Amino acid sequence: MASLVPGGNAPTPNGELTVSVTYTPISGADIDVSAFQLTGTGKVRGDTDMCFYGQKSVSNGALTLVESSPGRAVFKANLQRLDPAIEKIALTATIYENRAKFSACPSLSLRIEGSAGSEPIDASLATTGMMETALILGEFYIRNGQWKFRVVAQGFAGGLEPLAKNFGIEVAAEPAAPAPA
């Protein structure tokens, strides 16, 4: 078993992978786990490159969110079936409407499992003192024809909006509140 820390990486098994993100739920705040398909520029091609609770399957089923419940999210991925333009998949977590900080989540980890006989990849992310409301947990990336996984643990203050902009997603500005009469 590969046990990774932030910055650490390991080759992924071939074939279908199960990616589990587990965390301690935060009272009064939902955590949304998503996956972004990225090109060589580190950006999405459009909204269809985001796999989340509102769009559970992308790339003709090569990446699918199969479970999303408090404390757990599970994806199925077959990296070999992705469009060749996709060079990375970033796994992220955001706290809905910035209702808490990740420091309120005492445990956050992920596990990548392949077919029987392959070694799983585990990572635990330290959240103590973490004031961010959005995180890039880790990323799958291709190097010299081999898919690998790296633990990133990069935080963003401000939640989903700065995270989405980082990946090239345009976020519509909220309408201004009407002036009082």
HN-Hα J couplings of the range 144-154 from phi, Karplus 6.51/-1.76/1.60, θ = phi - 60°, integer Hz, Gly and Pro as x? 6, x, 10, 7, 10, 10, 10, 7, 9, 6, 9
DSSP beta bridge pairing in the chain, given as percent antiparallel to the nearest 5: 95 percent
Tell me, what HN-Hα J-couplings in whole Hz come from the Karplus equation 6.51 cos²θ - 1.76 cosθ + 1.60 at θ = phi - 60° for each residue of the range 165-170, using x for Gly and Pro? 4, 4, 8, x, 8, 7
VAL152 long-range amide H proximity, modeled H, under 5 Å: GLY7, GLY138, GLU139
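Would you work out the relative contact order for the range 66-129, in percent, from Cα pairs under 8 angstrom that are 6 or more residues apart? Each step should come with its number before you reach the end.
Working: 47 pairs, mean separation 14.2, N = 64.
Taking the mean separation of contacting Cα pairs over the length of the range 66-129, I get 22 percent.
Per residue, how much accessible area does the chain have with a 1.4 Å probe, in Å²? Intermediate results must be reported in sequence, preceding the final value.
Numbers: 9160 Å² over 181 residues.
With the other protein chains kept in place, the chain gives 51 Å² per residue.
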Stokes-Einstein D for the range 1-88, Kirkwood Rh over Cα pairs, 37 °C, 0.692 mPa s (µm²/s): 230 µm²/s
If Lys and Arg each add +1 and Asp and Glu each add -1, what is the summed charge of the other residues whose beta carbon sits under 13 Å from the beta carbon of GLY7? +1
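Using the Cβ atoms and a cut-off under 10 Å, what net charge is assigned to the surroundings of ALA85, where Lys and Arg are +1 and Asp and Glu are -1?
Values: positive: ARG45; negative: ASP49, ASP83, GLU87.
Its environment carries a net charge of -2.
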With a sphere of radius 14 Å drawn around the Cβ of PHE52, what net charge do the other residues whose Cβ falls strictly inside it have (Lys, Arg +1; Asp, Glu -1)? -4
In whole Å, what is the distance between the alpha-carbon centres of the range 88-145 and the range 36-66? 16 Å
Tell me, what % of the accessible area of the range 90-157 is carbon and sulfur with a 1.4 angstrom probe? 45 percent
Residue-wise, which Karplus ³J(HN,Hα) couplings in Hz belong to the range 57-67, taking 6.51 cos²θ - 1.76 cosθ + 1.60, θ = phi - 60°, and x for glycine or proline? 9, 9, 6, 6, x, 5, 9, 9, 8, 9, 8
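The values are calculated or read from the model by the stated rules, or taken from the named source; none is laboratory data. For clarity, every value in this text was computed on a predicted model and none was experimentally measured. All Cβ positions, even for glycine, are placed from backbone atoms using ideal geometry, and neighbour counts span all protein chains on display. For the accessible areas, the whole protein counts, side chains as well, though only heavy atoms, and no ligand, DNA or RNA atoms are used. Shrake-Rupley method; radii C 1.70, N 1.55, O 1.52, S 1.80 Å.
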